[in-house]
Amino acid sequence: MCEAVISLEDRLETEEVIELYGANGWSAAEKPAELLAALRDSHSLATARIGGRLVGLGNAISDGHLVVYYPHLLVHPECQGRGIGKKLMAALQEKYRGFHQQMLTADGQAIGFYRKMGFERAGKTEPMWIYAGRDH
Ligand SMILES: CC(C)(COP(=O)(O)OP(=O)(O)OC[C@H]1O[C@@H](n2cnc3c(N)ncnc32)[C@H](O)[C@@H]1OP(=O)(O)O)[C@@H](O)C(=O)NCCC(=O)NCCS
């Protein structure tokens with residue numbers, strides 16, 4: 001059973017992060033140094049552990065007052081569908097409750113998940129990016 005401990009004060013090891021990202025097929029795993037620095041330097045980082053094992057994480061970048069963007073949220077495939085993503089997102093949303101703008105880019109299957117977390121399509125906007133990965 002996956003009963004996860006959620007933390008906003010955790011410390012990450014490179015190997016466990018790469019394992020988590022690799023298991024989900026995320027291209028950021030190909031840039032370990034940048035990925036670890038990005039997560040550690042985020043405005044917030046939420047982690048989920050089961051028996052010490054990293055099984056999920058989500059990060060936030062923010063101006064600290066008005067706007068927060070949630071770049072990454074992922075749960076190990078072995079533990080998806082058991083409420084862990086919801087707990088990670090809830091921990092971050094609790095911290096940024098009341099912010100004028102909470103944003104993210106939802107892709108494919110995750111759209112339904114984020115709808116459940118209270119997100120909706122942002123008016124008539126269109127998500128735009130310059131992306132160096134090949135996983136979208
Ligand atoms: C998307 C993701 C983070 C969700 O985490 P999770 O732990 O699997 O989801 P949870 O079990 O916490 O689900 C929470 C709720 O969302 C629902 N849900 C989960 N995935 C869903 C989906 N694809 N579509 C619709 N609803 C979904 C669950 O049924 C649950 O509903 P409930 O609260 O009514 O029971 C996870 O599946 C994941 O890491 N996927 C791969 C990476 C990814 O796509 N990340 C998003 C970046 S765009």
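May I ask for the distance between the Cα centers of region 95-117 and region 61-78, given as a whole number of Å?
For region 95-117 versus region 61-78, the Cα centre distance is 9 Å.
Hey, can you rank 43-56, 85-98, 123-136, 11-24 by average C-beta count inside 10 Å, highest first? Present the calculation step by step, with values, prior to reporting the outcome.
Working: 43-56: 18.9, 85-98: 16.8, 123-136: 7.9, 11-24: 15.3.
So the order, starting with the most tightly packed, is 43-56, 85-98, 11-24, 123-136.
Can you compute the equivalent ellipsoid semi-axes for region 1-89, i.e. the square root of 5 times each eigenvalue of the Cα gyration tensor, sorted largest first and rounded to whole Å? Kindly include the intermediate steps, with their values, before the conclusion.
On the way: eigenvalues 76, 52, 26 Å².
Ellipsoid semi-axes (Å, largest first): 19, 16, 11.
Mind giving me the nanometre distance, one decimal, between the label points for GLU9 and ASP63, set 7 Å out from Cα along Cα→Cβ?
Roughly 3.0 nm, to one decimal.
Can you give the calculated 222 nm mean residue ellipticity of the chain, where each DSSP H run of n ≥ 4 adds -39,500 (n - 2.57) and the sum is split over every residue, rounded to the nearest 500 deg cm²/dmol?
-8000 deg cm²/dmol
Every read-out reported here was derived from the displayed coordinates using simple, explicitly stated rules and does not represent laboratory data. Bear in mind the structure is a predicted one, so any value in this text is a computation, not a measurement. Note that we place each Cβ from the backbone using ideal geometry, even for glycine, and neighbour counts take in every protein chain shown.
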